[in-house]
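First comes the structure, then the notes that go with it.
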Amino acid sequence: MKLSLAVALALGTVCAGTAFGDTIDFRGPNVTLGHSQVYNPGPNSVTAYAFGGSNLLYAKNQGGSEHGLGIARNSDNEITSTTFIQLDLANISGPFSFLIGSTQNVEGFHLCFSNTLGVLGGCGDFPDPGSDPFTTPNFITGDEFVSIQADGSGTVLLDGLTTADAPEPSSLLLLGTGIVGAAGVVRRKLAA
C-alpha cells in the first residue's frame, strides 16, 4: 500500500504540467512611440527603450518580415549600427529568446548584455542569421538589460521575445511530495 502511494506520487510528479512561456509581440500599426514602451503589463512585463537617432521607438508592420520594433526616422524606421533598442528584463526569469526580423541580405545584429540603462555592455554577434526572420537560441543572464543593434550597414527589427516554459508551483509541490514519499519507502525497506 505504501509503495502504491509512492508510485502514485511519483507518477503525479512526472505527469504534472508546466506553465507556458510568454511571447511578447513587438509588431505595431506603423506608428511612432515614445522613448520607452511597456509590453506585457503584469508580472512578466518588459520595457523597451530607444537609443540613438531620434531616441523614439517605432512600431512597424509592413508585411513579410518587415514588422517589429525599430527606431523612428531611421533608415526604414529600423535598428541600425548607430542605434539600439534596450529591453529591461528585470521581470523575466528563466530562459528567453528573440525573434529578429528584416534580416534579409545577410543583415546581422548584436545582442548586448548590461546592468546599466543606455549602456550596451558585452555583446554577442550574429553576423549571418541565415533566415528572415531569425530566432535566437535561448539565453539566461544575470544582467537586467539586453540590447539589439544591427551590425555593418544592415537594419533589423525586434519582432518578438519568448520566455521558455517554467514549472508551475503545483508541479514543484508534487515533485517535492513524490521525492519525500519515495525516500520514506526506501528508508523503511532498508530498515526492514
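Taken together, the values in this text are just the output of simple stated rules run on the coordinates, not laboratory data. Just so it is clear, the structure is predicted and the values come from calculations on it, not from any experiment. Every residue, glycine among them, receives a Cβ derived from its backbone with ideal geometry; neighbour counts consider all protein chains shown.
Quick rundown of the values:
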quantity: Computed log₁₀ I(q)/I(0) - Debye formula, equal Cα scatterers, no solvent, region 66-107, q 0.25 Å⁻¹; calculated: -1.00
quantity: Cubic angstrom per residue, convex hull over Cα atoms of region 95-170; calculated: 98
quantity: Cut-off under 5 Å, modelled amide H: who pairs with Tyr58 long-range; calculated: Leu33, Gly70, Ile71, Ala72
quantity: ³J(HN,Hα), Karplus 6.51/-1.76/1.60, whole Hz, each residue of region 118-130, x for Gly, Pro; calculated: x, 10, 5, x, x, 10, x, 9, 10, x, 9, x, x
quantity: Within-14-Å neighbourhood charge of Leu56 [Cβ basis; K, R +1; D, E -1]; calculated: +1
